[in-house]
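> My questions all concern the structure below.
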Amino acid sequence: MFEIGAIDEVKKFLKLKINPSLPANKILGIEEIKKYLNKKISIEQAFEETFVRTRRYVKRQRTWFRGHMKEWTSLFSPNFDTLTKKIINLVTSS
């Protein structure tokens, strides 16, 4: 995300002055990059916080799927953990 322009995207997003109560402000990375742009945290901290939030989001989705989509057994094959790790690495690779 960071390497392919997330910081510039957040700058553009913030210029739109979207109402802070709207769900768009909860997009992964927005808050963390905003803190970086406001010089409250370093770029490394913004990356780490985004990584942690992304990982937690994936875990919540997985838990939800496990409880609500039991008939989707292919999602919970032995390869699911490998797929999850690949997705997290792809999204947060530096």
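The values are calculated or read from the model by the stated rules, or taken from the named source; none is laboratory data. Only a predicted model underlies this, so the values are computations on that prediction, with no experimental measurement involved. For neighbour counting, all protein chains shown are included, and Cβ atoms are generated from backbone atoms with ideal geometry for every residue, glycine included. The area values use the complete protein model at the heavy-atom level, side chains included, leaving out ligands, DNA and RNA. Shrake-Rupley method; radii C 1.70, N 1.55, O 1.52, S 1.80 Å.
> Going through LYS35, LYS26, LYS59 one at a time, which residue ends up being at pLDDT 95 or above and more than 13 Å from VAL91 (Cβ to Cβ)?
Step by step, each of LYS35, LYS26, LYS59 is checked, and only LYS35 is at pLDDT 95 or above and more than 13 Å from VAL91 (Cβ to Cβ).
> Is there a residue being among the basic types (Lys, Arg), modelled with pLDDT under 90 and assigned to a helix (DSSP H, G or I) anywhere in region 63-80?
Looking through region 63-80, at least one residue is among the basic types (Lys, Arg), modelled with pLDDT under 90 and assigned to a helix (DSSP H, G or I).
> If you don't mind, another one. When you scan region 12-44, how many residues do you find that are part of a helix (DSSP H, G or I) and open to solvent by less than 90 Å² (accessible area, probe 1.4 Å)?
Final tally of qualifying residues: 13.
> I've got another one for you. State all residues of region 1-11 that are surrounded by 10 or more Cβ atoms within 10 Å (Cβ to Cβ), without any contact (Cβ under 8 Å) to a residue 12 or more places away in the chain and of a type outside the set (Gly, Ala, Ser); if no residue qualifies, say none.
Once the filter is applied, which keeps residues that are surrounded by 10 or more Cβ atoms within 10 Å (Cβ to Cβ), without any contact (Cβ under 8 Å) to a residue 12 or more places away in the chain and of a type outside the set (Gly, Ala, Ser), region 1-11 yields ASP8, GLU9.
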